[in-house]
Each structure stands twice: as structure tokens, then as C-alpha cells.
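Here the structure is laid out as C-alpha cells; the discussion comes afterwards.
The values are calculated or read from the model by the stated rules, or taken from the named source; none is laboratory data. Only a predicted model underlies this, so the values are computations on that prediction, with no experimental measurement involved. So basically every Cβ, Gly included, is an ideal-geometry build from the backbone, and we count neighbours across all protein chains shown. Remember, those area values only see protein heavy atoms, side chains included, never the ligands or the DNA or RNA. Shrake-Rupley method; radii C 1.70, N 1.55, O 1.52, S 1.80 Å.
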Amino acid sequence: MEMGKRNLLKMAMTLVVIAAVVLPPSPARSEIGRFDGYEIRVIRPRFMAKRNRIELGGEGTLIMNQSFIYTLMMTGLLDYHFSEMIALEFDASYGFSIDKDDKRILQDEFQINTQILRTEYIFGGGIMWTPIYGKTQLPSGNVVYFDSFVTGQVGLTGIKYTYEQCLAPPPDHPELPDKPPPSTKAYPTFNVGFGQKYFVSQDFGFRWDVRDYLFQYEKGDGSCTPDVKVGSDVHNNITLQLGASTFF
């Protein structure tokens, strides 16, 4: 009898060892540290909440697609954010133009006075859509939060005509038209753009924009006889804008 009990005990221990070796481990143990087949998301509150807030900003603006002049402008921005994605935006820009060396060479060496569209002001209003909200980590370990947005606006562009290419009539030909005085004419404008905002705090951030301002102008407005209509043409100003804004 004692021998039978020993044999049964040996058989039971043998079966336990075989089961431990042959049978697969339990699913709970096998999946520890593995995430195959699972979608893992880390959800945190937004660092920067814009809903029902007013944004005031300022930017320096450069028109990038001009052949003979540089145009530098200061831009003011006023946004009202209805939600985290949709905002109503108004902006106004005013500035001046500087002649490039190419223009001075044409005038001084070849007596060629080019007709130029000098942008004096731009203002408009429209919708801003912010579909992307994200963050990135700097090498220092700091986390920077940002928005990516697109805009669409309508407004006006003011073009200043200096008529520097025109000459005053000689004294012996008083019947010729006088040189027109400098004037600024406004044209309806449509613009689209995109950009990003980088938030330093929950009330302040830096931003950049690239925009394309498209308008139709009367070609005769810049000629020496601006009262004579000669047809229209389409022009676009592509701008780069850098600045900052604060939220209330």
C-alpha cells in the first residue's frame, strides 16, 4: 500500500512537470509588455484653449514676389475664436517700398523707368480654420504646443502710383498732358493663406503666415494718362508674415 502511494505521487509530479513544459503559458502572462493588436492613445487636456477668446497680434510683412522693389509692411490682427477650430479674423497692413538695385541700374544707365505696383495698404476680413493641434519636444526636453491653420479673406489692396516714369510736358508743347500727381487706388482683393502658432504660455504665442493676395487692377491707372482706360489685369502679392499674438 505504501509503495502504491509513492508511485501515485511520482506520477502526479511527472504530469505536473510535463504540463508546465508542453502546455503554452496563459494569455495574461504571454501578453505582458506586448501591445500587438491594441490602439493606445494618450489623451490630455489642451494646453491652449481658444474658445470664446479674443486674439490681438502684430506681424512684420514682406511681399516676396516683386522684381524691382522691396515692400515692407506692419500688420495688425484681431481674431475672435468661436471654437477651437473656427475663428473670425480681421487684419490691416500698411507699409512702404524700397527700390532694388536692378531698378536703379535701369533708370541711371539705360534711362528706363519701370511701371511698378507699389502696395501701400491691405486690409480684409474672413474665416480662419484650425484643423491641426499638436506638440513637439525640443532637445532640451521642453514641450512646444502649436496650431496649424488656413485662412480665406476678402478686402482691399491700396496701390500707390508715383508716375515717376512720366515726364512733365516741355514748355514749347503746353498742349501735352501734365504729369499726374501721385495717388493711391484701391482694388477688391481675395486672399488665401496658411500658417502656424507656437504657444509660449496660455495667453501668448508666436505665429507665421504665408498668404496670396489676388486682385484685378486697371492697367491705365499707372500710365501717364490714368483717365484713359486700356483694360485690366490680375496681380497677386505673396507675403511672408512673422509676429506674435496675445489672447484675452
(request) For TYR94, state whether it is open to solvent by 70 Å² or more (accessible area, probe 1.4 Å) and modelled with pLDDT of 95 or more. (result) yes
(request) Mind counting the residues in the range 166-205 that are in contact with a Ser or Thr (Cβ under 8 Å, 6 or more places away or on another chain), open to solvent by 40 Å² or more (accessible area, probe 1.4 Å) and touching a residue at least 40 places away in the same chain (Cβ under 8 Å)? (result) 5
(message) Restricting to the range 219-243, and then to whatever is polar (S, T, N, Q) and part of a loop (DSSP other than H, G, I, E, B), can you tell me which residue is nearest to the chain's Cα centre (by Cα)?
(response) SER223
(message) On the basis of being outside any loop (DSSP other than H, G, I, E, B) and closer than 20 Å to GLN241 by Cα, does THR136 make the cut?
(response) no
(request) Return yes or no: is GLY57 among the small types (Gly, Ala, Ser), modelled with pLDDT of 60 or more, part of a strand (DSSP E or B) and open to solvent by less than 100 Å² (accessible area, probe 1.4 Å)? (result) yes
(message) Being in contact (Cβ under 8 Å) with a residue 40 or more places away in the chain, out of contact with any Ser or Thr (no Cβ under 6 Å at 6 or more places or on another chain) and under 13 Å from PHE149 (Cα atoms) is the filter here; which residues of the range 209-222 pass it?
(response) ASP209
